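Engineer: Next up is a structure, given as structure tokens.
The values are calculated or read from the model by the stated rules, or taken from the named source; none is laboratory data. Small disclaimer: the values here were computed from a predicted structure and weren't measured. Virtual Cβ from ideal backbone geometry, glycine too; neighbours counted across all protein chains shown.
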Amino acid sequence: MLRHFCERKPGRTLSLRPTKTCFCSVGNSFSVCKLCFMNPARFFVVKSTSFRRANGSAVVCRLGAKMCKELKTKLFHLLPSTSNGSTTHQELQTDGAEILSCTVKALKDGHVVAVPTDTIYGLACLAQNSEAVQKIYNLKERNGVKPLAICVGEIQEIYKYCKVKVKGELLDDLLPGPVTLVFERSEALNTNLNPFTSLVGVRIPDHAFMRRLCQMCGEPLALTSANISSQTSTVEVQEFQELWPKLAVVVDGGPIGDQSRLGSTVIDLSVLGKYRIIRPGCALASTLDLLERKFGLSEDPGEE
């Protein structure tokens, strides 16, 4: 992993650069240029931040030292995944332990991270942390009344945060997988997460890293697509590179296997015996076949 250090040039503000890569300084700010961002090795990406020149080099150095220590994005590369998007248990043991530990710490510290899933790349934070949830809205420039889903590691956790009105077998058949199931929320869920609705969508991605991350956090993650709102969903980390400086950790799991960019299929199951399609997503046909054929649910068209 490449180290980074501070270097101050006469007449310029304090700048940061990864070792053995280029030095970048733009006006009164410091940043990492495209060459640095595209370096395929593991490295610390320094947050691009601007500040006014202070009177006296001591103040500048003090500010710069703080930025060196605190304002950095960590980019990690997972080992290659299997064809279905899941990382093997052995790979997690040999390569993922450090990445998981660092990502969990960032989440526990209230930061937002970027992670791979079985469908597209996502941004995640602790769902029970109201300030972290607001950070996601801010960095995505997301409409404040557009809900966030939650992500958990095990099916039994769904019952803690949701009021489930379907058979447990249905959850077993659909999860983990590329679906988001919407239920009535329980009192255990953070009231500042989607306070404008009584419902919440829940996911268990078919991705070993994501499941283990949720398990280690011990609480649900708020999860949304890694992009600016209204822009295209992303299947490689370079596609949301403009967001990197705002994130504590970026986990590069390689290209997502499903290039459709449709995201998960979102189904509302909050009404007993009914289902409602909120977003077709990438697994609509197989999901509806199971809901109707095996469990006898009928479609609720909702409000016309």
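Engineer: So which residues in the range 271-304 are surrounded by 19 or more Cβ atoms within 10 Å (Cβ to Cβ) and either touching a Cys at 6+ places or on another chain (Cβ under 9 Å) or among the basic types (Lys, Arg) (or both), if there are any at all?
Structural biologist: none
Engineer: Which of the following residues is buried (at least 19 other Cβ atoms within 10 Å of the Cβ), farther than 28 Å from SER186 by Cβ and modelled with pLDDT of 95 or more: VAL266, VAL249?
Structural biologist: VAL249
Engineer: Same structure again: Where residues in the range 236-276 are among the β-branched types (Val, Ile, Thr) and touching a Ser or Thr at 6+ places or on another chain (Cβ under 8 Å), which of them is nearest to THR73 (Cα to Cα)?
Structural biologist: This residue is VAL249.
Engineer: Criterion first (surrounded by fewer than 22 Cβ atoms within 10 Å (Cβ to Cβ), outside any loop (DSSP other than H, G, I, E, B), in contact with a helix residue (DSSP H, G or I) (Cβ under 9 Å, 6 or more places away or on another chain) and of a type outside the set (Val, Ile, Thr)) does GLU169 satisfy it?
Structural biologist: yes
Engineer: From THR234, THR224, THR287, grab the single residue that is touching a residue at least 40 places away in the same chain (Cβ under 8 Å), touching a helix residue (DSSP H, G or I) at 6+ places or on another chain (Cβ under 8 Å) and part of a loop (DSSP other than H, G, I, E, B).
Structural biologist: THR234
Engineer: All but one of (1) farther than 17 Å from ALA208 by Cβ; (2) modelled with pLDDT of 95 or more hold for ASN143; which doesn't?
Structural biologist: (2)
Engineer: Which residues, taken from the range 251-266, are over 10 Å from TYR121 (Cα atoms), aliphatic (A, V, I, L, M) and not in a loop (DSSP other than H, G, I, E, B)?
Structural biologist: VAL266
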